[in-house]
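So the structure is just underneath, and the comments pick up after that.
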Amino acid sequence: MQGVFTGFATIGVVIAVGALLAHLRILDMTAQRVLSQVSFFVGSPALMVMTLGRADVQDVLSANLVATTVAVVVPLAAYAVCARFVWHRRLGDATIGGLSAAYVNAGNLGIPVASYVLGDASYVAPTLLLQLIVLQPIALALLDTDALGRSPSFAQLVTRPFRNPLTVGSLLGVLLSVTGWTLPEFVGNPLELLGNLAVPAMLVAYGIALRLGPGLGTAGSVSELATTSLLKLVVQPVVAYAVAHFALGVDGHALLAVVVTSSLPTAQNIFVHATRYDRATVLARDTILITTMGSVPVILVVAALLG
């Protein structure tokens, strides 16, 4: 259990640093946007190249991926129905809301949790690759489409995701993994350094937004925030368990891995996307906060029941 607390404590400390810097007026909302932009356009693409370049893509072809995919689709679909017929959200806001309800923190929290709780960081690889190669490009295409203010042409719709820096970085990382190529040091070392910038930048930006932005639940629908949080903390891990155990026959430690990774909180980079596109930023921020706090007891319960 130490790995769970270590991972959450690390994230919490860095977020607190951002909030403290904002409280002391060393950084403001302008700095928050700059940090988010640097993370989106520079740090995160470099991180994707290096992280996915080291991953074993064969891990994707497993029961873990099937259960993880269904566990992502169900809360996304449930939120989409509510966004369309209950809250009447526009495309960009609904996209961020859907990501808030289903996109797990598989990177900076999932990796340490997988390492210390599950005993092997590779358990998080299927979730990481699914999100970066499938879910994220689709979501960014929808956000780009919404930002245009009009329906794009077919060519624009197809090519736009591949002009997004995060998508390009992810695809380059997969290419390195599939081919077994190794970047020369004069390329790999700078990318490694820039990639190390991504997570701290997004966490400090998030801390600034917590301190200077609207209070928890003061903007948007409280019912919408409750829905995204429940879908993420309850529905997603329950669906992962049901599909893995009853439909695919997964049991033991492999089942624990599937459910724990699905129980991870909403990823901080969803807030980066929300800020970048100026869509549902408060909903993303609040869902991340609630699910990050709530996932600790959820993961502990999962580990106790299935460990």
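So what J values fall out for the range 85-100 if you push phi through Karplus, 6.51 cos²θ - 1.76 cosθ + 1.60 with θ = phi - 60°, rounded to Hz, Gly and Pro as x?
For the range 85-100, the Karplus curve yields 9, 9, 9, 6, 7, 6, 4, x, 5, 5, 5, 5, x, x, 5, 4 Hz.
Roughly what would the spin-label model give for Val134 and Leu24, points 7 Å off Cα along C-beta, in nm?
4.5
Lys/Arg Cβ at +1, Asp/Glu Cβ at -1, dipole of the range 129-274 taken about the Cα centre: which of Leu203, Val178, Ala141 is farthest positive-ward?
The residue sitting most towards the positive pole is Ala141.
Quote the relative contact order of the chain in percent (integer), defining contacts as alpha-carbon pairs under 8 Å separated by 6+ residues.
Numbers: 474 pairs, mean separation 111.3, N = 307.
Once normalised by length, the contact order is 36 percent.
Across the range 19-24, in residue order, what do the Karplus-derived ³J(HN,Hα) couplings come to in whole Hz, using 6.51 cos²θ - 1.76 cosθ + 1.60 with θ = phi - 60° and x for Gly and Pro?
Working through the residues one at a time gives 5, 5, 4, 5, 4, 7 Hz.
Give the calculated FRET efficiency between Val17 and Phe186 to the nearest 0.05, with a Förster radius of 30 Å applied to their Cβ-Cβ distance.
Working: r = 32 Å, r/R0 = 1.07.
Using R0 = 30 Å, I get an efficiency of 0.40.
Using Cα centres only, tell me the gap between the range 214-275 and the range 15-65 in whole Å.
Taking the Cα centre of the range 15-65 as reference, the centre of the range 214-275 is 19 Å away.
Taking 0.36 nm per residue of separation and subtracting the Cα-Cα distance, what length does fully extending Val222 through Met293 add? The partial results should precede the final answer.
Values: separation 71, 0.36 × 71 = 25.56 nm, distance 1.75 nm.
23.8 nm is the gain from fully extending Val222 to Met293.
Please report, in whole Å, how far the alpha carbons of the chain spread along each principal axis, starting with the longest.
In descending order, the Cα extents are 49, 48, 46 Å.
Note down the magnitude of the dipole of the chain about its Cα centre, charges +1 on Lys and Arg C-beta and -1 on Asp and Glu C-beta and zero elsewhere, to the nearest 20 debye. All intermediate terms of the calculation are to be shown ahead of the outcome.
On the way: 14 positive and 13 negative charges, 155 e Å.
Using Cβ point charges on Lys, Arg, Asp and Glu, the chain gives about 740 debye.
For a Förster distance of 41 Å, can you work out the FRET efficiency between the beta-carbons of Gln37 and Ala304, rounded to the nearest 0.05?
Details: r = 41 Å, r/R0 = 1.01.
Approximately 0.50, to the nearest 0.05.
When the chain is fully extended, how far beyond the present Cα-Cα distance does Ala155 get from Leu91, taking 0.36 nm per residue of separation? Please report the intermediate quantities before stating the final value.
Details: separation 64, 0.36 × 64 = 23.04 nm, distance 1.97 nm.
Separation in residues times 0.36 nm, less the Cα-Cα distance, equals 21.1 nm.
Could you work out the longest stretch of the chain that avoids the trypsin sites (Lys or Arg not before Pro) located in DSSP loops with at most 12 other Cβ atoms within 10 Å?
Values: sites that count: Arg25, Arg90, Arg150.
That would be 151-307.
Testing the spin-label approximation: label points 7 Å from Cα along Cα→Cβ at Asn196 and Leu175. State their distance in nm.
2.6
Only counting other Cβ atoms within 10 Å, I'd like Val222, Val272, Val298 sorted with the fewest neighbours first.
Numbers: Val222 11, Val272 25, Val298 20.
Ascending number of Cβ neighbours within 10 Å: Val222, Val298, Val272.
Whole-Hz ³J(HN,Hα) for each residue in the range 185-202, computed from phi via Karplus 6.51 cos²θ - 1.76 cosθ + 1.60 with θ = phi - 60°, x for glycine and proline: what do you get?
Residue by residue, the range 185-202 yields 4, 6, 9, x, 5, x, 5, 4, 5, 5, x, 5, 6, 4, 5, x, 5, 6 Hz.
What 222 nm value per residue comes from the helices of the chain, counting each DSSP H run with n ≥ 4 as -39,500 (n - 2.57) and dividing by all residues, nearest 500 deg cm²/dmol? Display every interim value, and only then the final one.
Working: 16 runs with 212 residues, N = 307.
The helix-only estimate for the chain comes to -22000 deg cm²/dmol at 222 nm.
We did not get these values from a lab; they are worked out from the coordinates using the rules stated. All of these numbers come straight from a predicted model, not from anything done at the bench. Please note: Cβ atoms are built from the backbone with ideal geometry, for glycine as well, and neighbour counts cover all protein chains shown.
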